1. Being among the hydrophobic types (A, V, I, L, M, F, W, C) and more than 11 Å from residue 53 (Cα to Cα) is the filter here; which residues of segment 5-34 pass it?
2. Specify the residue that is nearest to ligand 2 (Cβ to nearest atom); the eligible residues are those in segment 86-105 that are in contact with a His (Cβ under 9 Å, 6 or more places away or on another chain) and in contact (Cβ under 8 Å) with a residue 24 or more places away in the chain.
3. In segment 141-153, which residues are surrounded by 13 or more Cβ atoms within 10 Å (Cβ to Cβ) and in a helix (DSSP H, G or I)?
4. Residue check: is residue 78 within 15 Å of residue 136 (Cα to Cα), open to solvent by 60 Å² or more (accessible area, probe 1.4 Å) and in contact with a Pro (Cβ under 6 Å, 6 or more places away or on another chain)?
5. Restricting attention to segment 85-96, does a residue exist that is open to solvent by 40 Å² or more (accessible area, probe 1.4 Å) and more than 15 Å from residue 134 (Cβ to Cβ)?
6. What's the total number of residues in segment 129-147 that are of a type outside the set (A, V, I, L, M) and more than 8 Å from ligand 1 (Cβ to nearest atom)?
7. Looking only at segment 46-73, count how many residues are on the phi < 0 side of the Ramachandran plot and without any contact (Cβ under 8 Å) to a residue 60 or more places away in the chain.
8. Kindly indicate which of 79, 101 is assigned to a strand (DSSP E or B) and closer than 25 Å to residue 161 by Cβ.
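The values are calculated or read from the model by the stated rules, or taken from the named source; none is laboratory data. Small disclaimer: the values here were computed from a predicted structure and weren't measured. Every residue, glycine as well, gets a Cβ built from its backbone with ideal geometry; the counts of neighbours run over all protein chains shown. The protein model used for the area step is the full one, side chains on, heavy atoms only, and it has no ligands, DNA or RNA in it. Shrake-Rupley method; radii C 1.70, N 1.55, O 1.52, S 1.80 Å.
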Amino acid sequence: MAKLPILEFPDARLRTKAVLVETVDDEVRQLVDDMLETMYDARGIGLAATQVDVHRRVVVMDVSDDNSQPLVLINPRYEPMGDEKEPLSEGCLSIPEYYAEVPRYLKVKLNALDRNGEPYELEAEGLLAHCIQHEYDHLEGVLFVDYLSPLKRDRIMKKMQKRHKLMQDA
Ligand code: GNR
Ligand code: NI
């Protein structure tokens, strides 16, 4: 297993649309394992391959308190169950230290492949449903700041650029 570097906003590579995985082979399983290690190390509840600069439709998640429930989502698709949305404070490993309320569907039905390439279906609500929608957005090149006003997004972008410059100069 290996820990992978995470791209940070406003890196243009985060805007890449990921392509479908054709076969779930050992290479994909290796990516999944590396992504799980990277996500747990960073203390995130989800990670999309886009964030580690791999533009394939692969996501890992674990919303449990004790890292006991890893979920693998390959080629995920979801449908909202009902029209109800609820705002929840979201963070993103690609936008560290910033949080904002984003409205998302309260309940969704997920379809995906697992690490053996087997299809499964899952009904999710609450944090899990939020996370599915957040990770799906990453695969489409969308970030939570895109839901904020241009003013707020710009403010976060400038602070992130400053942070990257400080890190570079250090
Ligand atoms: O760790 C994360 N927390 C989180 C909180 C609320 C809604 C979504 C998330 S996902 C985020 C990890 C991440 O950046 N995944 O792409
Ligand atoms: Ni994210």
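1. Restricting attention to segment 5-34, the residues satisfying the condition of being among the hydrophobic types (A, V, I, L, M, F, W, C) are 6-7, 9, 12, 14, 18-21, 24, 28, 31-32.
Those that are among the hydrophobic types (A, V, I, L, M, F, W, C) and more than 11 Å from residue 53 (Cα to Cα): 9, 19, 20, 21, 24, 28, 31, 32.
2. The first filter runs over segment 86-105 and keeps only residues in contact with a His (Cβ under 9 Å, 6 or more places away or on another chain), leaving 86, 88, 90, 92, 94, 102, 104-105.
Keeping just the survivors that are in contact (Cβ under 8 Å) with a residue 24 or more places away in the chain gives 88, 90, 92, 94, 102, 104-105.
Working: 88: 13, 90: 8, 92: 3, 94: 5, 102: 11, 104: 13, 105: 17 Å.
So, considering only residues that are in contact with a His (Cβ under 9 Å, 6 or more places away or on another chain) and in contact (Cβ under 8 Å) with a residue 24 or more places away in the chain, the one nearest to ligand 2 (Cβ to nearest atom) is 92.
3. Residues satisfying the conditions are 144, 145, 147, 152, 153.
4. Numbers: within 15 Å of residue 136 (Cα to Cα): yes; open to solvent by 60 Å² or more (accessible area, probe 1.4 Å): yes; in contact with a Pro (Cβ under 6 Å, 6 or more places away or on another chain): no.
No.
5. Of all residues in segment 85-96, those open to solvent by 40 Å² or more (accessible area, probe 1.4 Å) come to 85-89, 93.
Now drop any that are not more than 15 Å from residue 134 (Cβ to Cβ), which leaves none.
No, segment 85-96 contains no residue that is open to solvent by 40 Å² or more (accessible area, probe 1.4 Å) and more than 15 Å from residue 134 (Cβ to Cβ).
6. Residues of segment 129-147 that are of a type outside the set (A, V, I, L, M), as a first pass: 130-131, 133-138, 140-141, 144, 146-147.
After this cut, where a residue has to be more than 8 Å from ligand 1 (Cβ to nearest atom) as well, the list is 133, 136-137, 140-141, 146-147.
Result for segment 129-147: 7.
7. Here is the first cut: in segment 46-73, the residues on the phi < 0 side of the Ramachandran plot are 46-52, 54-66, 68-73.
Checking the rest, the ones that are also without any contact (Cβ under 8 Å) to a residue 60 or more places away in the chain come to 52, 54-56, 58, 60, 62, 64-66, 68-72.
Here the count works out to 15.
8. After ruling out the rest, the residue left standing is 101.
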